[in-house]
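Undergrad: Here you go, one structure.
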Amino acid sequence: MLFQDWPEPITRVQTLSESGITSIPERYIKPESQRPTNPISPNKASSNDEDINIPLIDMEHLYGGDERLREAALHRVSEACREWGFFQVVNHRVSHELMKSVREAWREFFNHPLEFKEVYANKPDTYEGYGSRLGVKKGAILDWNDFFFLHYKPCSLRDQSKWPSLPTSLRNMINEYSEEVVKLGGTILELMSINLGLNEDYLLNAFGGESGLGACLRVNFYPKCPQPDLTLGLSSHSDPGGMTILLPDDSVSGLQVRKGEDWITVNHVPGAFIINIADQIQVMSNAIYKSVEHRVIVNPNKERLSLAMFYNPKSDLLIQPAKELVTKDRPALYSPMTFDEYRLYIRTVGPNGKAQLVESSTSQK
Ligand code: OGA
Ligand code: NI
């Protein structure tokens with residue numbers, strides 16, 4: 001009942017952008033403290049030094065037979081999960097051709113006429129389909145993006161009739177791409193389990209195993225914005241699920257990751273995926289791994305498209321810190337909660353749920 005429909009008629013950001021406006025509507029203007037030109041630390045520009053970037057992992061070293069290289073790469077992954085909550089991977093064995101064509105096909109979808117896209121318009125109860133806002137607060141300040149959201153796993157939630165029928169290749173491509181990315185996700189969960197000193201299948205099992213885990217795809221489309229200094233493509237948030245595998249735009253940057261008091265703009269290596277820890281792995285790891293806040297800035301001259309695969313635990317399993325990671329010195333920082341319950345919980349505390357919890361738990365020390 002509560003989340004049945006949107007509080008106001010939906011205007012597509014792409015429609016606004018293409019109308020040729022030179023100033024953005026009031027609703028998209030962020031408070032000054034959140035604007036991208038207002039860096040948190042006054043002495044640094046929010047666009048970062050060239051050499052500060054999220055860690056880069058060559059997965060060939062993890063698949064390959066050289067034990068020394070494997071150990072070193074595992075160590076780099078471990079550091080990235082603890083210190084950044086983010087890393088990018090190359091040589092991940094997902095076909096570059098497929099990555100390119102799925103991105104192109106989605107671009108084509110967003111370039112179809114509005115009437116066609118509106119057939120897939122979403123509702124706030126599930127968010128499935130074509131959308132332009134999160135949350136149902138009347139008069140809320142909005143982000144500068146449109147998106148398409150769909151379920152790939154579990155199979156019981158997969159409904160291809162809710163996926164775009166055009167371009168004709170898209171549905172097949174979503175299947176093919178998602179299969180590959182979910183497989184990559186399984187490999188990364190294994191690496192994280194090993195790094196945490198757990199059985200290598202610990203995290204996958206805690207997610208409900210192959211048949212139980214959830215995977216949803218959010219395709220973000222950030223249209224050109226005439227006043228990029230006043231708004232954000234996505235406001236600061238941490239991802240609520242387990243882990244996110246992001247295929248960023250091949251030519252436009254925009255993702256910023258919080259590092260202490262700074263926002264670091266990610267320099268994306270062509271062909272890489274960006275991986276980030278989300279809230280549920282932060283819980284399972286008892287906050288050894290961090291679900292870090294991130295946001296997206298927009299661009300006056302270029303639109304940007306990204307594909308975020310959210311890799312989530314089965315929605316009705318209790319998620320809690322692994323017993324092995326709870327000690328006298330480090331008691332459990334979170335009480336058990338299902339992912340379903342958590343999703344309702346963050347509707348009340350806002351989009352930085354567990355990221356905030358970690359800050360308050362560390363500041364209590
Ligand atoms: C997200 C997200 C980043 C991007 O969809 O949750 O953080 O670069 N996307 O689009
Ligand atoms: Ni995100």
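The values are calculated or read from the model by the stated rules, or taken from the named source; none is laboratory data. It should be emphasised that the depicted structure is a prediction, and the values quoted were computed from it without experimental measurement. Here Cβ is always computed from backbone atoms with ideal geometry, including for glycine, and neighbour counts include all displayed protein chains.
Undergrad: Starting from the stretch 220-233, take each residue that is more than 11 Å from ASP143 (Cα to Cα) and of a type in the set (Asp, Glu) and list its partners that are away from ligand 1 (no atom under 13 Å from the Cβ) and outside any loop (DSSP other than H, G, I, E, B), counting only C-beta distances under 6 angstrom and pairs at least six apart or across chains.
TA: Final answer for the pair search is none.
Undergrad: For the stretch 1-20, how many residues are surrounded by fewer than 16 Cβ atoms within 10 Å (Cβ to Cβ), assigned to a loop (DSSP other than H, G, I, E, B) and modelled with pLDDT of 95 or more?
TA: 1
Undergrad: Sticking with this one: Filter the stretch 176-224 down to the residues that are buried (at least 23 other Cβ atoms within 10 Å of the Cβ) and among the aromatic types (Phe, Trp, Tyr), then identify the one that is nearest to ILE274 (Cα to Cα).
TA: Looking at the filtered set, the residue picked out is TYR177.
Undergrad: So which residues in the stretch 242-286 are among the aliphatic types (A, V, I, L, M) and under 30 Å from LYS323 (Cβ atoms), if there are any at all?
TA: Within the stretch 242-286, the first condition is being among the aliphatic types (A, V, I, L, M), and the residues that meet it are 243, 245-247, 252, 255, 257, 264, 266, 269, 272, 274-275, 277-278, 281, 283-284.
Once the filter is applied, which keeps residues that are among the aliphatic types (A, V, I, L, M) and under 30 Å from LYS323 (Cβ atoms), the stretch 242-286 yields MET243, ILE245, ILE275, ILE277, ALA278, ILE281, VAL283, MET284.
Undergrad: Go through the stretch 76-98 residue by residue and tally those that are in a helix (DSSP H, G or I) and under 19 Å from MET243 (Cβ atoms).
TA: To start, the set of residues in the stretch 76-98 that are in a helix (DSSP H, G or I) comprises 76-83, 96-98.
Right, trim to under 19 Å from MET243 (Cβ atoms) and you get 76-83.
Going through the stretch 76-98 one residue at a time, the tally reaches 8.
Undergrad: Just for the stretch 213-228: of the residues that are of a type outside the set (Lys, Arg) and out of contact with any helix residue (DSSP H, G or I) (no Cβ under 9 Å at 6 or more places or on another chain), which one is nearest to LEU317 (Cα to Cα)?
TA: Narrowing the stretch 213-228 to residues of a type outside the set (Lys, Arg): 213-217, 219-223, 225-228.
Now restrict to residues that are out of contact with any helix residue (DSSP H, G or I) (no Cβ under 9 Å at 6 or more places or on another chain): 220, 228.
Numbers: ASN220: 28, PRO228: 41 Å.
Going through the qualifying residues, I end up with ASN220.
Undergrad: Restricting to the stretch 115-159, and then to whatever is over 19 Å from SER315 (Cβ atoms) and β-branched (Val, Ile, Thr), can you tell me which residue is surrounded by the fewest Cβ atoms within 10 Å (Cβ to Cβ)?
TA: It comes out as VAL119.
Undergrad: Give me a count of the residues in the stretch 175-232 that are part of a loop (DSSP other than H, G, I, E, B) and farther than 21 Å from TYR289 by Cα. Steps first, please.
TA: Here is the first cut: in the stretch 175-232, the residues part of a loop (DSSP other than H, G, I, E, B) are 196-201, 207-208, 213, 223-232.
Those still in the list that are farther than 21 Å from TYR289 by Cα too: 223-232.
Count: 10.
Undergrad: Just one of ALA105, ALA80, ALA121 is among the aliphatic types (A, V, I, L, M) and free of Cβ contacts under 8 Å to residues at least 60 places away in the same chain; which is it? Explain how you work it out, then say what you get.
TA: Numbers: ALA105 fails: free of Cβ contacts under 8 Å to residues at least 60 places away in the same chain; ALA121 fails: free of Cβ contacts under 8 Å to residues at least 60 places away in the same chain.
Sole residue among the options that is among the aliphatic types (A, V, I, L, M) and free of Cβ contacts under 8 Å to residues at least 60 places away in the same chain: ALA80.
Undergrad: Could you please tell me which pairs satisfy a Cβ distance under 6 Å, a separation of 6+ or placement on different chains, a first residue in the stretch 239-255 that is farther than 20 Å from GLU293 by Cβ and near ligand 1 (Cβ under 9 Å from one of its atoms), and a second residue that is part of a strand (DSSP E or B) and hydroxyl-bearing (Ser, Thr, Tyr)?
TA: ASP249/SER306
Undergrad: Right, next: Considering each of GLY254, GLY209, GLY241, GLY233 in turn, give the residue that is within 16 Å of ligand 2 (Cβ to nearest atom) and farther than 13 Å from GLU303 by Cβ.
TA: GLY241
Undergrad: Which condition number in (1) over 22 Å from LEU255 (Cα atoms); (2) at pLDDT 95 or above is the one that LYS123 fails?
TA: So LYS123 meets the others, but not (2).
Undergrad: Here are some conditions: (1) under 30 Å from MET59 (Cα atoms); (2) within 16 Å of ligand 2 (Cβ to nearest atom). LEU203 meets all but one. Which one does it not meet?
TA: The one condition LEU203 does not meet is (2).
Undergrad: Another question, then. Restricting attention to the stretch 295-333, report how many residues are away from ligand 2 (no atom under 16 Å from the Cβ), outside any loop (DSSP other than H, G, I, E, B) and touching a residue at least 12 places away in the same chain (Cβ under 8 Å).
TA: Going through the stretch 295-333, the residues away from ligand 2 (no atom under 16 Å from the Cβ) turn out to be 299-303, 313-333.
Checking the rest, the ones that are also outside any loop (DSSP other than H, G, I, E, B) come to 318-319, 323-325.
This time we only want the ones that are touching a residue at least 12 places away in the same chain (Cβ under 8 Å), so: 318-319, 324-325.
Count: 4.
Undergrad: For ILE264, all conditions in the list (1) surrounded by fewer than 21 Cβ atoms within 10 Å (Cβ to Cβ); (2) out of contact with any helix residue (DSSP H, G or I) (no Cβ under 9 Å at 6 or more places or on another chain) hold save one; what is the number of the exception?
TA: So ILE264 meets the others, but not (1).
Undergrad: Pairs please, first residue from the stretch 283-294 and closer than 13 Å to THR244 by Cα and of a type in the set (Gly, Ala, Ser), second anywhere and in a loop (DSSP other than H, G, I, E, B) and at pLDDT 95 or above, Cβ atoms under 8 Å, 6+ apart in sequence or on different chains.
TA: Within 8 Å, the pairs are SER291/GLY85; SER291/SER238; SER291/ASP239; SER291/ALA278.
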